[in-house]
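What follows is a short report on a single structure.
The values are calculated or read from the model by the stated rules, or taken from the named source; none is laboratory data. Please read all numbers here as calculations on a predicted model, not as lab measurements. Methodologically, a virtual Cβ is constructed for each residue, glycine included, from the backbone with ideal geometry; neighbour enumeration extends over all protein chains shown.
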Amino acid sequence: MTKRILAVSSSGGHWLQLLRLRSTFEGFDLAFATTNPGNADEARPHRCHVIADANRKSLHRLPLVVGSVRRVLAAERPDTIVTTGALPGLVALALGKSLYGARTIWIDSIANAERVSGSGVYAARFADLCLTQWPHLSREKGPDYWGALL
C-alpha cells in the first residue's frame with residue numbers, strides 16, 4: 001500500500017518552498033493543501049485542497065482553519081504530513097497527529113534567518129521532525145539542519 005503524504009502550507013513563500021519538495025515525494029500518494037485557491041494549478045497532477053487562512057493577527061479565524069483542515073484530513077487520511085508553515089500548517093500537524101496518528105514534519109521557512117518562527121517553536125513541541133534552513137539555528141533538541149530549499 002502506497003504511503004499517503006499531505007503537504008500543507010500558506011500561500012506565498014511557504015507555498016514556493018513546499019513546491020520545491022515535490023520531487024522528494026515521488027512514489028507516494030501526494031496531496032496538497034494551501035490557503036490560496038489560485039495555487040491549485042501548480043499542484044497538478046496531485047490533488048489540492050483549499051484551507052482557511054489565519055495568522056497571529058487574525059486568530060478569530062482559527063475555528064475556520066481548524067474546520068477546513070479537519071475536512072481535508074478526513075478526506076485524505078495521510079500517513080505523513082509535511083508543512084513549511086505557517087499557522088494553517090501548524091494546525092494540520094497538530095490535528096493530523098492527534099486525530100489520525102500521522103507522522104509530522106515541520107520545515108521552518110528560509111525567511112526565518114534570525115530565529116525559528118513562532119509557529120516553528122510550537123511545532124517543535126510535538127512534531128516528529130522539525131527542520132530549519134539555517135545551520136546556525138540548529139540545536140541538539142531541534143530544529144535540525146538538513147539544508148536549504150531555496
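One table, with the values for the structure above:
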item: Selection status of LEU87, at pLDDT 95 or above, farther than 30 Å from MET1 by Cβ and surrounded by 18 or more Cβ atoms within 10 Å (Cβ to Cβ); result: yes
item: Per-region count, the stretch 69-123, residues in a loop (DSSP other than H, G, I, E, B) and touching a residue at least 40 places away in the same chain (Cβ under 8 Å); result: 10
item: Of residues in the stretch 92-145 being over 12 Å from the mean Cα position of the chain (by Cα), of a type in the set (S, T, N, Q) and closer than 27 Å to ARG70 by Cα, the one surrounded by the fewest Cβ atoms within 10 Å (Cβ to Cβ); result: SER98
item: Selection status of LEU30, part of a helix (DSSP H, G or I), crowded, with 16+ Cβ neighbours inside 10 Å and modelled with pLDDT of 95 or more; result: no
item: Test: residue in the stretch 83-91 that is over 24 Å from PHE28 (Cα atoms) and touching an Asp or Glu at 6+ places or on another chain (Cβ under 7 Å); result: no
item: Of all residues making up the stretch 33-60, the number that are assigned to a helix (DSSP H, G or I) and touching a strand residue (DSSP E or B) at 6+ places or on another chain (Cβ under 9 Å); result: 6
item: Residue match in the stretch 12-24 (condition: farther than 18 Å from ILE105 by Cα and under 16 Å from the mean Cα position of the chain (by Cα)); result: yes
item: Scan of the stretch 73-84 for residues that are buried (at least 18 other Cβ atoms within 10 Å of the Cβ) and closer than 9 Å to LEU6 by Cα, ordered by number; result: LEU73, GLU76, PRO78, ASP79, THR80, ILE81, VAL82, THR83
item: Test: residue in the stretch 128-150 that is assigned to a helix (DSSP H, G or I) and in contact with a helix residue (DSSP H, G or I) (Cβ under 8 Å, 6 or more places away or on another chain); result: no
